[in-house]
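For reference, the structure is listed below as structure tokens.
The values are calculated or read from the model by the stated rules, or taken from the named source; none is laboratory data. Please read these numbers as outputs of a predicted model, since none were measured by experiment. Here Cβ is always computed from backbone atoms with ideal geometry, including for glycine, and neighbour counts include all displayed protein chains. Surface areas here come from the heavy atoms of the whole protein model, side chains and all, with no ligands, DNA or RNA. Shrake-Rupley method; radii C 1.70, N 1.55, O 1.52, S 1.80 Å.
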Amino acid sequence: MADAAGRLTKLAEEVLGAPLPVRIRAWDRSESGPPGAPTLVIRHRRALRRMMFRPGELGLARAWVAGDLDIDGDLYEALDRLAGLIWERDDAPRPQRAAVVRALARPEIRAAARELLTLAGAPVPPAPPAEEVRRRRGPLHTLRRDKEAISHHYDVGNDFYALVLGPSMVYSCAYWESPSATLEDAQRDKLDLICRKLGLQKDRRLLDVGCGWGSMVLHAAREYGVRAVGITLSEEQATFARKRIAEAGLADRVEIRVQDYREIHDEPFDAISSIGMAEHVGRTQYGEYAAALYRLLQPGGRLLNHQIARRPVADEEAYHVDEFIDRYVFPDGELAPVGQTVGQLEEAGFEVRDVEAIREHYALTLRSWVANLERHWDEAARLTSTGRARVWRLYMAASALSFERNRIGVNQVLAVRTPESGESGLPLRGRDWTG
Ligand SMILES: C[S@@+](CC[C@H](N)C(=O)[O-])C[C@H]1O[C@@H](n2cnc3c(N)ncnc32)[C@H](O)[C@@H]1O
């Protein structure tokens, strides 16, 4: 096929009704598109078949994970330009999904696409990459299904995560004093900020829901002398956390359990932290989650819920997670607008005392993780698979951009199980913990 890139660009522009914001380099080495722009490399014709068989995110994701599609040049700039095709911005109207779907139905576009398709290899679409989670049936968020979903994301090898997260082994948004701080310092500052918001003191009882590799319970026990329980659904995380805690001589103060938040019955706790965990809960279970945390606290006990939020959409019922994230990254994960989260915590009985939005901090954190992954690329691919390393690089870079562009945010919500007397136990000036 002569000049595949030119023909692809022409077709894409007809479908999008807008100029393609990136260059295209095709398998025949032909190139087209705006000079100097990042280049979308279509390494193999197969990529085209994947994208045409499943137009949209899933087709693109499969081609990317399989390595048939790549980006040459600045990954962030390329993703930003491509996202601009989908997300409406204030500065310029963009073609929206509905317009793209309408264009794909036009006879002349279908004919051009068919012509390209016949040139794109065998008629049968290639199998999805091995890293993809199969479509699951049955009810969401049963204990068993949640454990499997968590295992898909977290049981991919502690060594892989150590390369990406660095020695802190914290897998949530850090708290940056300045963009030039180190990831280690920013993660320590985040954990310490949460300890102060919770008002932790010696011998108080802390529950860390979704404890990951144990960083929060370790910090809280070492620096504040609490007795802590950390729960996770990941066996690999628990093994790692227990080892770290024993090495720090804190095994008599900290217990790590492989347990679901719905299965805890040794209340009461004086404080609960939930850091980057509630994204896994899901909207049907969120009321139960909030009620469980409320029940587990003493009167006067505090909850710090640190959670990613999405923007509200006009039709909340029709909202769905994008397919790349669901099939490759966080199966069954769900984001909610911060207003919904606050409302549900209040409905469970909590008095919500503070919401700190730290969106920009997550962009800095994700960019650090991407840089770590890129620096250790060969080893990361060897420890998991090239496909998985490609998934993580794409999802983390795209997420960094989403935080930067305010498509998603992250909030620390401080809530109290305020007793009937109304004594919240919080300082008169709300933000004294930051001093
Ligand atoms: C993104 S990680 C965050 C880990 C840790 N809080 C940190 O900041 O490094 C999410 C954690 O939530 C845990 N998790 C998810 N669903 C859970 C559930 N239903 N019950 C208990 N833990 C859960 C996972 O096992 C994982 O440890």
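Summary of computed values
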| quantity | calculated |
| --- | --- |
| Tensor-based shape of the range 330-425 (alpha-carbon gyration tensor, a/c under 1.5 rounded, otherwise prolate or oblate) | prolate |
| Estimated FRET transfer efficiency (Glu223, Leu143; beta-carbon r; R0 35 Å; 0.05) | 0.60 |
| Spin-label model distance (nm) - Glu267 vs Val352, 7 Å beyond Cα toward Cβ | 2.0 nm |
| Selected from Ala162, Ala415, Ala61 as most flexible by GNM, with the chain as the system and alpha-carbon contacts under 10 Å | Ala162 |
| Principal-axis tilt of helix 338-347 within the chain, Cα atoms, nearest 10 degrees | 40 degrees |
| For the chain, calculated [θ]222 nm from helices alone, where every DSSP H run of n ≥ 4 adds -39500 (n - 2.57) | -12500 deg cm²/dmol |
| Top of Glu236, Glu279, Glu356 by mean-square fluctuation, Gaussian network on the chain, Cα under 10 Å | Glu356 |
| Most fluctuating residue given options Gly17, Gly67, Gly166, as computed from a GNM of the chain linking Cα atoms under 10 Å | Gly17 |
| Folded to 0 to 90 degrees: helix 359-375 orientation relative to the chain principal axis, Cα | 60 degrees |
| The chain: antiparallel DSSP beta bridges as a percent of all, rounded to 5 | 45 percent |
| Cα extents of the range 143-416 along the three principal axes, largest first (Å) | 50, 49, 40 |
| Pairwise centroid distance, computed over Cα atoms, of the range 148-197 with the range 209-240, Å | 13 Å |
| Residue-span extension gain [Glu247 to Leu11] - 0.36 nm each, minus C-alpha spacing | 79.0 nm |
| Sparsely packed trypsin sites (Lys or Arg not before Pro) within the range 179-236, loop by DSSP, other Cβ within 10 Å at most 10 | Lys202 |
| Potential lengthening between Glu379 and Arg257 on full extension [0.36 nm per residue; Cα-Cα distance subtracted] | 40.9 nm |
| Cα long-axis angle, helix 4-16 against the chain (0 to 90 degrees, to the nearest 10) | 60 degrees |
| Loop-located chymotrypsin sites (Phe, Trp or Tyr not before Pro) in the range 245-323, at most 15 other Cβ atoms within 10 Å (DSSP) | Tyr319 |
| Whole-number accessible area per residue in Å² for the chain, which is evaluated in the context of all protein chains at 1.4 Å | 46 Å² |
| Dimensions (Å) - the range 261-372, Cα atoms, principal axes, largest first | 41, 35, 26 |
| Computed lengthening from Glu57 to Gln340, 0.36 nm per intervening residue step minus Cα-Cα distance | 99.2 nm |
| Viscosity 1.567 mPa s, 4 °C: Kirkwood-radius Stokes-Einstein D of the range 116-209 over Cα pairs, µm²/s | 72 µm²/s |
| Segments 177-185, 135-143, 39-47 sorted - mean Cβ within 10 Å per residue, highest first | 39-47, 177-185, 135-143 |
| Expected-Rg normalisation [2.2 N^0.38 Å, Cα atoms] applied to the range 317-362 | 1.48 |
| Cα point-scatterer Debye curve for the range 161-296, base-10 log of I(q)/I(0) at q = 0.16 Å⁻¹ | -0.81 |
| Euclidean distance of C-alpha centroids, the range 28-60 and the range 1-27, integer Å | 8 Å |
| Ellipsoid equivalent to the range 4-120 - semi-axes via the Cα gyration tensor, in Å | 19, 18, 13 |
| Label point 7 Å beyond Cα of Glu184 along Cβ direction - residues of the range 218-243 with amide nitrogen under 16 Å | 219 |
| Estimated distance in nm for a label pair at Arg114 and Ser421, the labels positioned 7 Å out from Cα along Cα-to-Cβ | 7.9 nm |
